């Protein structure tokens with residue numbers, strides 16, 4: 001590996017870490033927002049989202065520059081491929097956080113929905129998954145990445161239960177359809193964050209061992225459900 005390639009790869013790693021930190025911060029804000037309903041954080045989240053979008057474009061350009069200038073092979077090439085995918089996944093995770101903000105702004109116009117919803121547990125798991133997938137990327141820890149994949153099942157189960165609860169609430173009180181649908185959307189946003197964290201964990205596994213594990217976990221989960 002040339003010194004120039006090593007320098008560019010190191011800079012790319014740093015850029016990914018900065019993006020990951022910014023996305024993780026906004027996701028934590030979204031989890032807190034769902035819990036407290038405190039919309040005073042909205043401006044900070046929107047400003048962070050603008051920064052995330054700019055960083056995503058810059059990182060993609062960095063990846064393409066490294067590919068064009070150095071034509072990396074083997075491990076270095078796998079890292080660039082993973083960086084491109086992780087970059088996209090992180091930006092999409094940021095989008096989900098903003099979606100939560102928009103739904104909470106809408107919900108501020110309605111009374112609270114009287115239903116037992118497991119957002120606290122769901123948020124805690126998602127928070128752990130996001131932190132762990134980024135830690136696995138930074139430290140190249142396949143074992144930690146595998147744990148992230150396992151946690152995704154719990155988020156899916158909670159989302160499915162909330163769908164049932166909110167559907168029953170809407171059936172019993174049609175006046176609550178609009179807020180219930182927004183809460184269901186928030187649940188879907190958190191579930192999607194978990195999916196994207198799982199994607200990143202799977203890319204870490206590929207980067208470290210060259211093994212493609214996408215869709216395997218989904219197949220195993222569906223098999224357990226049958």
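Structure above, values below:
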{"read-out": "Which numbered condition residue 95 misses (of (1) crowded, with 17+ Cβ neighbours inside 10 Å; (2) assigned to a helix (DSSP H, G or I); (3) in contact with a helix residue (DSSP H, G or I) (Cβ under 7 Å, 6 or more places away or on another chain))", "value": "(3)"}
{"read-out": "Residue in segment 114-125 that is crowded, with 16+ Cβ neighbours inside 10 Å, closer than 12 Å to residue 197 by Cα and in contact with a helix residue (DSSP H, G or I) (Cβ under 9 Å, 6 or more places away or on another chain) present", "value": "yes"}
{"read-out": "Filter result for residue 175 (outside any helix (DSSP H, G or I), over 18 Å from residue 89 (Cβ atoms) and at pLDDT below 95)", "value": "no"}
{"read-out": "Pick from segment 166-181, criterion crowded, with 18+ Cβ neighbours inside 10 Å and in contact (Cβ under 8 Å) with a residue 24 or more places away in the chain, ranking: nearest to residue 103 (Cα to Cα)", "value": "179"}
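The values are calculated or read from the model by the stated rules, or taken from the named source; none is laboratory data. Since we're looking at a predicted model, the values are computed, not measured. When we count neighbours, we look across all protein chains shown, and the Cβ atoms used for this are built from the backbone with ideal geometry, even at glycine.
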